[in-house]
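The values are calculated or read from the model by the stated rules, or taken from the named source; none is laboratory data. Since we're looking at a predicted model, the values are computed, not measured. Note that each Cβ is placed from the backbone with ideal geometry, even for glycine, and that neighbours are counted across all protein chains shown.
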Amino acid sequence: METMTAIMTRRSIRAFKETPVSGEQMKTVLEAAMNAPSAGDGRPWHFVVTTTRSQLDALADAVDEGNDLFKQAQAAVLICLDESLEGFEGFGPQDCSCAAQNLQLAVHDLGLGTVWIAIINVPPRVAGCRKVLGVPEEMTPFALFPIGVPREPLEAEARYDAARVHVGEWSNGVME
Ligand SMILES: Cc1cc2nc3c(=O)[nH]c(=O)nc-3n(C[C@H](O)[C@H](O)[C@H](O)COP(=O)(O)O)c2cc1C
């Protein structure tokens, strides 16, 4: 898929078919995630990957999204922040966000779907991820991505908003 097409058509997918996700597809997704930029090239991340039904079902309770997201997902990736690897102190969440967006775009490129489930700063979800996926205390669960074949495609949305663009100076006019 062409890069701009991937960026402009990606949507959050919360319902999945029963079709399995292959190991090869997961490797591609992780390669994309790990190719993200990071401050000082620190790459302060780890990825916990599962395709195990019992763990995916347990994640449904652990993150309590109030729907069948993880019960339908065929795989999930938890991005964990390892602060000891930060290239510059405090930049880890930004680094992990870059990896997260690369991951989402790679998933979409493969014809799969995912949605960013917030974990960091949500203590019950952090605890749930630690329990289900065995994440050690020194790692910070950052964001969780259920993955599968979308049950139905979502329409692309055009969100360009000229009112949010300030040309040259804040007070200047719009860029249509
Ligand atoms: C930092 C972040 C946290 C998010 N957390 C959740 C979440 O916990 N649960 C959820 O269903 N969607 C979550 N989302 C997905 C957003 O709801 C979604 O990206 C937004 O509504 C725009 O829709 P789109 O992704 O289809 O373009 C999150 C997205 C981001 C970037």
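Can you tell me which of Q94, Q55, Q72, Q25 is within 16 Å of the ligand (Cβ to nearest atom), in contact (Cβ under 8 Å) with a residue 40 or more places away in the chain and crowded, with 16+ Cβ neighbours inside 10 Å? Before you say what the answer is, go through the steps one by one.
Details: Q94 fails: crowded, with 16+ Cβ neighbours inside 10 Å; Q55 fails: within 16 Å of the ligand (Cβ to nearest atom); Q25 fails: within 16 Å of the ligand (Cβ to nearest atom).
Every option except Q72 fails the conditions.
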Inset, instruction - State which residue pairs qualify: first residue assigned to a helix (DSSP H, G or I) and inside region 3-22, second residue within 11 Å of the ligand (Cβ to nearest atom) and not charged (D, E, K, R) in any location, beta carbons under 6 Å apart, and separation of 6 or more residues or different chains. - result: A6/H108; M8/A156; T9/A156
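Taking region 59-69 only, how many residues are crowded, with 18+ Cβ neighbours inside 10 Å and more than 15 Å from P141 (Cα to Cα)? Steps first, please.
Step one: filter region 59-69 for residues crowded, with 18+ Cβ neighbours inside 10 Å, giving 59-60, 62-63, 69.
Imposing the further condition that a residue be more than 15 Å from P141 (Cα to Cα) reduces the set to 60, 69.
Summing the residues that are crowded, with 18+ Cβ neighbours inside 10 Å and more than 15 Å from P141 (Cα to Cα) in region 59-69 gives 2.
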Inset, instruction - Identify the residue in region 117-126 that is touching a residue at least 40 places away in the same chain (Cβ under 8 Å) and closer than 20 Å to T51 by Cα and, among all such residues, is farthest from the chain's Cα centre (by Cα). - result: R125
Inset, instruction - Can you confirm whether region 117-129 contains a residue that is assigned to a strand (DSSP E or B), polar (S, T, N, Q) and either surrounded by 19 or more Cβ atoms within 10 Å (Cβ to Cβ) or at pLDDT 95 or above (or both)? - result: no
Inset, instruction - Identify, from the list G40, G111, the residue that is part of a helix (DSSP H, G or I), more than 13 Å from the chain's Cα centre (by Cα), over 20 Å from V126 (Cβ atoms) and not aromatic (F, W, Y). - result: G40
